[in-house]
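The values are calculated or read from the model by the stated rules, or taken from the named source; none is laboratory data. Nothing here was measured: the structure is a model prediction, and the numbers come from that model. Methodologically, a virtual Cβ is constructed for each residue, glycine included, from the backbone with ideal geometry; neighbour enumeration extends over all protein chains shown.
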Amino acid sequence: MPKILSRLAWVLMMILSLLVALTAYRYLPRIGPLATNVMANRFVDPFLSLHVAGAATALLVGPFQMLRGVRARWPSVHQLLGRIYVLGCLSGGIGGLALALGVTAGPIASAGFGLLGVGWIVTTSLAWRRALQGRLTDHRAWMIRSFALTLAAVTLRLYLPLAFIPGASFVEVYQAISFLCWVPNLLLAEAWLSAAPSPASSRSL
Ligand code: HEM
């Protein structure tokens, strides 16, 4: 991808991530418009707070971890934000898995969000382990996969208006979105990794 396009893609991703993360924090004091289906989730307490606090924080710091300039100039900032990101993903993932068991849209949506939660915890844990082992090529690859899954929070909200098309069934659309919000992200991440397979040829997202 030409450099200008990859920069534009990063700016768009950063703006959308910040918007979703900052608006998500309203679920902590439970202020403002809250999704009724989510508030009816059987496991809303205390898992929604754990999930939102961790996931929104991961989404907030994630885009900056992708910047090569930050990694090269301020490695300690990258490491500090990295620890915050991992903690955010793991607590967000554990909370997300509990919520997945209680979604009002039923077992298909539970499977979609549940697999996303498992994938998120696994990719983030592997990325973290590879960093501790000094295997930086693998660390980069697993972090790109992990962040593609973190971005499910953004893509889910881009698809959500489909549920309000007249005649569409909210439950069926929500079931489809529980997979659509992350499977294409992961495929794109794999395509990105094949195009820029090693740090020598790496680019910022
Ligand atoms: C990537 C793994 C994730 C999983 C497995 C996951 C799972 C879930 C589930 C199952 C729910 C409840 C849905 C329902 O009951 O209908 C939920 C709600 C929510 N999640 Fe996540 N989520 C993930 C990522 C994120 C991220 C990165 C954010 C960051 C902002 C986030 C923010 C929220 C918020 C704010 C809600 C409340 C409902 C809403 O406004 O849509 N989630 N999540």
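Some observations on this one:
- Within the range 144-152, one or more residues are assigned to a helix (DSSP H, G or I), closer than 27 Å to Arg7 by Cα and more than 12 Å from the ligand (Cβ to nearest atom).
- Here the range 153-200 is the region considered, the condition is being of a type in the set (Val, Ile, Thr) and either within 17 Å of the chain's Cα centre (by Cα) or surrounded by 13 or more Cβ atoms within 10 Å (Cβ to Cβ) (or both), and the residue that is nearest to the ligand (Cβ to nearest atom) is Val154.
- Residue selection: Leu205 satisfies the criterion of being within 21 Å of the chain's Cα centre (by Cα), modelled with pLDDT under 95 and more than 14 Å from the ligand (Cβ to nearest atom).
- Total residues in the range 39-91, condition in contact (Cβ under 8 Å) with a residue 60 or more places away in the chain, within 11 Å of the ligand (Cβ to nearest atom) and polar (S, T, N, Q): 1
- Applying a threshold of 7 Å to beta carbon distances and a minimum spacing of six or more residues, or different chains, the list of pairs starting in the range 100-113 at a residue that is in contact (Cβ under 8 Å) with a residue 60 or more places away in the chain and under 11 Å from Arg42 (Cβ atoms) and ending at one that is near the ligand (Cβ under 6 Å from one of its atoms) and not hydrophobic (A, V, I, L, M, F, W, C) reads Gly102/Asn41; Val103/Asn41; Thr104/Asn37; Thr104/Asn41.
- Restricting the range 28-63 to residues that are farther than 17 Å from Gly102 by Cα, buried (at least 17 other Cβ atoms within 10 Å of the Cβ) and of a type outside the set (A, V, I, L, M), the residue that is nearest to the chain's Cα centre (by Cα): Gly62
- Elements of the type helices (runs of 4 or more DSSP H) sitting completely within the range 1-115 and holding at least 1 residues that are within 20 Å of Tyr174 (Cβ to Cβ) and hydrophobic (A, V, I, L, M, F, W, C): these cover 3-24, 36-39, 44-65, 75-101.
- The listed residue being surrounded by fewer than 16 Cβ atoms within 10 Å (Cβ to Cβ), modelled with pLDDT of 95 or more and aromatic (Phe, Trp, Tyr), out of Trp120, Trp74: Trp74
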